[in-house]
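Here is the structure we will look at, set down as structure tokens.
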Amino acid sequence: MDLKQFEADNSGSFRLASRIPDVCRTEDCCLGVDEAGRGPVLGPMVYGICFCPVSKREELKDLKVADSKTLNEAERENLFQKLDEAQNYVGWALQILSPNMISTSMLQRTKYNLNALSHDTAIGLIQYALDSGVYVDTVGPAEKYEEKLSQRFPGIQVTVRPKADSLFPVVSAASICAKVARDRVVKGWNFAEDLGEIDADYGSGYPNDPKTKEWLLKYLDPVFGYPQFVRFSWSTAQTLMDSKAVDDDEEDGEKAAQRQNNRSMLSYFSASAEGDRAQQTHRFFSERRLKSLKSL
């Protein structure tokens with residue numbers, strides 16, 4: 001699993017795929033879809049598909065694949081290695097959606113919510129490797145999603161079930177591929193922002209985790225917000241920004257800043273107060289060689 005291209009630019013969406021086994025081009029296949037990282041406020045969401053010939057389903061089952069949530073990291077890595085070694089009949093593909101891409105999609109003028117983004121990502125992966133049997137995990141109401149996929153892919157048997165990743169081995173395999181990819185991406189995340197030595201102890205990444213909240217507070221810049229590792233459209237992140245970041249509105253921003261004992265956006269562009277002169281200039285201004293008019 002070569003993630004170098006995504007690591008070089010982790011601000012968008014990236015597809016990664018195995019070689020398609022020759023037997024999958026000549027026999028009807030079953031295909032499973034699952035995701036990893038839908039809920040966390042930190043890191044990407046990864047959708048994965050895994051497919052194999054219907055005739056090889058028992059062999060896939062013999063690999064002892066299981067829902068990735070029931071496995072530890074070492075077990076997932078071991079099973080992914082087995083799936084990769086079974087490349088003569090097992091294929092997989094992944095779509096990595098960066099936190100930046102998720103949040104900008106959700107907050108754009110024409111809203112693109114997480115369910116719609118998930119559906120379209122799954123459909124795109126199925127289109128990539130289309131064959132006969134499709135087993136997918138639930139995204140939204142199972143019946144509506146099953147109907148949507150059946151209409152999108154006529155002639156293919158589609159089964160949508162809650163907990164499909166624990167019921168169907170091919171979906172379990174997709175779950176493992178997605179989770180392994182997300183774990184590796186998060187562990188090797190390349191921060192585009194100059195944040196110095198990064199504290200990697202951010203807990204589970206889920207919004208209700210105290211360690212995650214502590215990390216979010218630590219890396220919240222009052223002007224520029226969060227690094228791209230954070231899904232800034234999540235309510236946890238937005239609440240912290242509303243309470244800790246400076247306001248960009250001229251009149252109301254000044255008043256809000258005074259109420260919160262915080263600096264307003266305007267203060268970053270005006271002459272520094274006597275007590276602020278020794279304060280270090282933010283990298284955004286120093287990198288662009290920007291200075292206050294009063295200092296020129």
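Every condition in (1) polar (S, T, N, Q); (2) modelled with pLDDT under 85; (3) under 28 Å from residue 112 (Cα atoms) holds for residue 238 except the one numbered (2). Out of all the residues in region 191-200, is one or more open to solvent by less than 60 Å² (accessible area, probe 1.4 Å) and within 25 Å of residue 80 (Cβ to Cβ)? So far as region 191-200 goes, no, none of its residues is open to solvent by less than 60 Å² (accessible area, probe 1.4 Å) and within 25 Å of residue 80 (Cβ to Cβ). Across region 32-57, the qualifying residues are those that are farther than 18 Å from residue 165 by Cβ and in a helix (DSSP H, G or I), and the one among them that is farthest from the chain's Cα centre (by Cα) is 55. When you check residue 169 against the structure, is it assigned by the TED database to the domain that holds residue 46 and free of Cβ contacts under 8 Å to residues at least 60 places away in the same chain, yes or no? Taking the combined requirement at face value, the residue does not satisfy it. Where strands (runs of 3 or more DSSP E) fall entirely within region 58-172, those with at least 2 residues that are β-branched (Val, Ile, Thr) and open to solvent by less than 10 Å² (accessible area, probe 1.4 Å) are at 133-137.
Within region 40-71, can you find the residues that are closer than 30 Å to residue 231 by Cβ and at pLDDT 90 or above?
From region 40-71, those closer than 30 Å to residue 231 by Cβ are 40-51, 65-71; that's our starting set.
Listed by number, the residues that qualify are 40, 41, 42, 43, 44, 45, 46, 47, 48, 49, 50, 51.
Listed by first and then second residue, the pairs with beta-carbon distance under 6 Å, at least 6 apart or on different chains, first residue in region 61-88 and assigned by the TED database to the domain that holds residue 175 and farther than 20 Å from residue 35 by Cα, second open to solvent by less than 30 Å² (accessible area, probe 1.4 Å) and not in a helix (DSSP H, G or I), are 88/21.
Just to check your reading of the model, which residue among 21, 44 is buried (at least 16 other Cβ atoms within 10 Å of the Cβ), touching a Ser or Thr at 6+ places or on another chain (Cβ under 8 Å) and over 21 Å from residue 146 (Cα atoms)? Full working, then the answer.
On the way: 21 fails: touching a Ser or Thr at 6+ places or on another chain (Cβ under 8 Å).
Result: 44 is the single residue among 21, 44 that is buried (at least 16 other Cβ atoms within 10 Å of the Cβ), touching a Ser or Thr at 6+ places or on another chain (Cβ under 8 Å) and over 21 Å from residue 146 (Cα atoms).
For region 219-239, which positions are over 24 Å from residue 9 (Cα atoms) and either open to solvent by 60 Å² or more (accessible area, probe 1.4 Å) or under 17 Å from the mean Cα position of the chain (by Cα) (or both)? Within region 219-239, 235, 236, 238, 239 meet the criteria.
The values are calculated or read from the model by the stated rules, or taken from the named source; none is laboratory data. Predicted, not measured: the structure shown is a model, and the values here were computed from it. Counting neighbours? That spans all protein chains shown, and the Cβs are built from the backbone with ideal geometry, glycine included. All accessible areas refer to the heavy atoms of the entire protein, side chains included, with ligands and DNA or RNA removed. Shrake-Rupley method; radii C 1.70, N 1.55, O 1.52, S 1.80 Å.
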